[in-house]
1. Before I look further, what does the range 122-177 give for accessible area per residue, probe 1.4 Å, in whole square angstrom?
2. Accessible area of the range 103-176 with a 1.4 Å probe: how many percent of it is carbon plus sulfur?
3. Using a 10 Å cut-off on Cβ atoms, rank the peptides 51-63, 175-187, 114-126 from the highest mean neighbour count down.
4. Could you order the peptides 67-73, 2-8 from most to least packed, using the average number of other C-beta atoms within 10 Å per residue?
5. So what does the Cα-only Debye profile of the range 132-191 read at q = 0.13 Å⁻¹, as log10 I(q)/I(0), no solvent term?
6. Give a residue-ordered list of calculated ³J(HN,Hα) values for the range 56-72 (Karplus: 6.51 cos²θ - 1.76 cosθ + 1.60, θ = phi - 60°; whole Hz; x for Gly, Pro).
7. Find the eigenvalues of the gyration tensor of the Cα atoms of the range 162-201, then list the square roots of 5 times those eigenvalues as equivalent ellipsoid semi-axes, largest first, in whole angstrom.
8. Just grab the label-to-label distance for THR145 and GLN63, each label 7 Å out from Cα along the Cβ direction, in nm (one decimal).
Amino acid sequence: MTAVFWVLLAVYQAVAILDRRQPAENALGRRPRAQTVLLQTPLFLTACWFAVDAGALGRSLVQPGYVLAGALAGYAVHAVSLLVTNGVQHLRELLPALGGYFFRWRDRWNYFVENPVVMGMLAVNSIVEEILYRAAAQPLLIEATGRPWASILLVAILFSAAHQHFLRGPLLEGVEFLAYAVLLGALYYATGSLVFVMVIH
């Protein structure tokens, strides 16, 4: 079963990289290609099998403390991301925006209530990717190599390479996204809480 997972992941990564290198008309309106969906389904089911076997999809998903910590950490990660990608020299302009982002949570809630498709896409995307990369690929690689940090880095590279903005965006954004992926892997490794990294994502 482990070999099946790695073969499916390798094929999926290759297809995703080739697909993401194509121009995107509209990231939210873009439909996944049939071959990507046909690959994702058995890959996701295999990843779920490993995640269940490891206990990642059990009661630990219902941990209010990790949900709250994930939401707060998600805000912090977003703030750091804005500072990195916009430059610290723009800190004076960014601080009011970051404060508004943190304290005007009701505006975002209203946006998601009015746009449930967007919320659904974001939720499904974070759940699927975290199960695939953090709950399945990362522990399997750590078990196979015995090298946690090298495994976290390799899985972060795979995760990043499956995203279009990593492959097509400016170098600084790519480095920032890879650092974000490493952070998610390190937090999952340290806490063992899948819901924590899902909420951050």
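The values are calculated or read from the model by the stated rules, or taken from the named source; none is laboratory data. Quantities reported herein were computed from a predicted structural model and do not represent experimental measurements. Here the Cβ positions follow ideal geometry from the backbone for every residue, glycine too, while neighbour counts run over all protein chains shown. The area values use the complete protein model at the heavy-atom level, side chains included, leaving out ligands, DNA and RNA. Shrake-Rupley method; radii C 1.70, N 1.55, O 1.52, S 1.80 Å.
1. Working: 2620 Å² over 56 residues.
The answer is 47 Å² per residue.
2. Values: 3000 of 4390 Å².
Ligands and nucleic acids excluded, carbon and sulfur give 68 percent.
3. Details: 51-63: 14.5, 175-187: 19.8, 114-126: 11.9.
By packing density, highest mean first, the sequence is 175-187, 51-63, 114-126.
4. Working: 67-73: 16.1, 2-8: 13.7.
With the highest mean Cβ count within 10 Å placed first, the list reads 67-73, 2-8.
5. -0.31
6. 6, 10, x, 4, 4, 6, 10, 10, x, x, 6, 5, 5, 4, x, 5, 5
7. On the way: eigenvalues 106, 19, 8 Å².
Its equivalent ellipsoid spans semi-axes of 23, 10, 6 Å.
8. 2.4
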